[in-house]
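FYI, it's all coordinate maths here, none of it is from the lab. Only a predicted model underlies this, so the values are computations on that prediction, with no experimental measurement involved. Glycine also receives a Cβ, built like all others from the backbone with ideal geometry; neighbour counts cover every protein chain displayed.
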Amino acid sequence: MFKALSIKSDKDLADLLENIDNPNYLEDKLLKLGGTIIKLKLEGKGFESSLPGSLIIGLAKYQEKIYTTYLASKYGAGKRHKITPEEAKLLEIKVTVKPGSTEIFIKLLIDKAWEILGNMPPDQITSTLIKIAVIAASAYCLKGIGSVAVREAFKIKRKALAEKIALSKNEVEKKKLEFLESSVNAAIEGMKAVSLGIVQAGPSHIELNDEPVSTKDIKSAIEGLGPEKLEAKEEQGVISGTYRIQRVTLDFKKDSASADIFDVESGDPIHGLVVQPKHLSDGSYRVLKTAQDKKDVKLQVIVTKRNGIIHKAVLDKILNN
C-alpha cells in the first residue's frame with residue numbers, strides 16, 4: 001500500500017529535502033500526493049481584504065518556479081518549453097482572500113503532478129518518483145517560511161548535490177544531479193520570493209497556519225540562501241591515452257599554442273590544452289597540426305583538477321604511435 005506524502009511541519013519538509021535523491025525513501029510515499037492549504041494571515045495598515053503588491057509579485061515568482069521545475073522534470077533542464085493551459089491549471093496555486101479579514105488561503109494542487117507526468121514504464125519508476133519529489137519540494141516550500149530548520153535543509157542538500165556533481169564522471173548521472181540541483185534552487189528562490197514579499201509589505205502581525213511568525217524570523221530563515229561556492233580542492237597528475245585532435249591554434253605573440261582534443265576510448269574532452277613553446281621547436285606542434293581531424297595521436301598530459309574536474313591541461317609529450 002502506497003502512502004500519500006504528508007507535509008504537516010517544517011520537519012516533514014526538511015525530511016523530504018534530505019531524501020529527495022533517495023528512491024528507497026520515495027517509493028512508498030509519492031505515488032499520490034495530498035493537496036494542501038496554507039493559511040497566511042497578515043495584519044496591519046492597508047491589509048483589509050486585499051493583497052499587498054510585494055506579496056502579489058512574490059506569489060507570481062513562486063508560481064513561476066513551480067512551473068519551471070515541472071517543465072524541467074518533463075523535458076530536461078535547460079530545454080525551452082512553455083507550460084500548456086491544461087498543465088498550468090493543474091499546477092497553479094489558488095489564492096483566496098477571505099472577505100472582511102486579512103486571511104489568505106493558498107491551495108496547492110500538487111497532487112495532480114503525477115497525473116500530468118503520465119503513465120510510466122517500469123524502468124522509469126525511480127526517475128519519475130524523483131521528478132514528483134522535486135515538484136513537491138517546490139510546491140511545499142511555503143511551509144518553510146520563517147523556519148531556520150528548512151533553510152539549513154535547503155543549504156545542506158544544495159551543497160551535497162554540488163559536491164556530487166563535481167565528483168561525478170558519468171554524464172548521465174551528472175545530468176540527473178544537475179536537474180535535482182536546479183529544482184532545489186527553484187524551491188529556494190520560490191520561498192525567498194514569497195518571504196521577501198511578506199517582509200516588504202510590512203505587516204504588524206503574521207500567522208502561518210495559525211502559528212505566529214515574526215518578520216525577524218522570516219528574514220533570519222532566508223539569510224544565507226544565496227549561491228554557495230565550493231571550496232576548491234586542487235590536485236595534479238599525469239594522464240595518457242589516444243586522442244583525436246579537433247583544433248590546434250598558434251599564438252604568435254606568446255610563442256605557444258592550444259588545442260581541443262578528446263580521448264578516443266572514453267570520449268572525455270580536454271579544451272584548451274596548452275602546447276608549450278618547447279613543443280613548437282621539437283616538432284610536437286607540427287605532429288598535432290598534421291593529425292588534426294585525420295589521425296589519432298597518443299599523448300601524455302599533465303592535468304590540474306579542481307573538485308575532480310580538469311581545470312588546466314598541459315601537453316607533456318607525444319608518445320610513440
- Item | Fewest-first ranking of ARG244, ARG306, using other Cβ atoms within 10 Å as the exposure measure | ARG306, ARG244
- Message: Tell me whether region 234-318 comes out rounded, prolate or oblate; compute the Cα gyration tensor, take square roots of the eigenvalues as a ≥ b ≥ c, and use a/c under 1.5 as the rounded threshold.
- Response: oblate
- If each residue's Cβ is checked for other Cβ atoms within 10 Å, how do ILE206, ILE56 rank with the fewest at the top? ILE56, ILE206
- Note on the structure: So, over other residues within a Cβ distance under 15 Å of TYR243, counting Lys, Arg +1 and Asp, Glu -1, the net charge is 0
- Query: Normalised by the number of residues in region 234-318, what is the relative contact order in percent for Cα pairs under 8 Å and 6+ residues apart?
  - Reply: 36
- Item | Long pairs among LYS8/LYS157; LYS61/LYS143; LYS8/LYS107; LYS294/LYS317; LYS41/LYS74, criterion Cα-Cα beyond 25 Å | LYS41/LYS74
- Taking region 232-321, which GluC sites (Glu not before Pro) meet the DSSP loop condition and have no more than 13 other C-beta atoms within 10 Å? GLU265
- Note on the structure: Under the Karplus relation with 6.51, -1.76 and 1.60 and θ = phi - 60°, whole-Hz ³J(HN,Hα) for region 235-241, x at Gly and Pro, equal 8, 10, x, 10, 10, 9, x
- Task: Find how many whole Å separate the alpha carbon centroid of region 54-70 from the alpha carbon centroid of region 160-203.
- Result: 14
- Message: Can you compute 3J(HN,Hα) from phi for each residue in region 146-158, using the Karplus curve 6.51 cos²θ - 1.76 cosθ + 1.60 with θ = phi - 60°, rounded to whole Hz and x for Gly and Pro?
- Response: x, 9, 5, 4, 5, 4, 5, 5, 4, 5, 5, 5, 4
- Hey, could you pull the Cα Rg and Dmax for region 164-256, both in Å? 23.6, 71
- Message: What do you get for trypsin sites (Lys or Arg not before Pro) in region 150-234 restricted to DSSP loop and a cutoff of at most 15 other Cβ within 10 Å of the site's Cβ?
- Response: LYS169, LYS229, LYS233
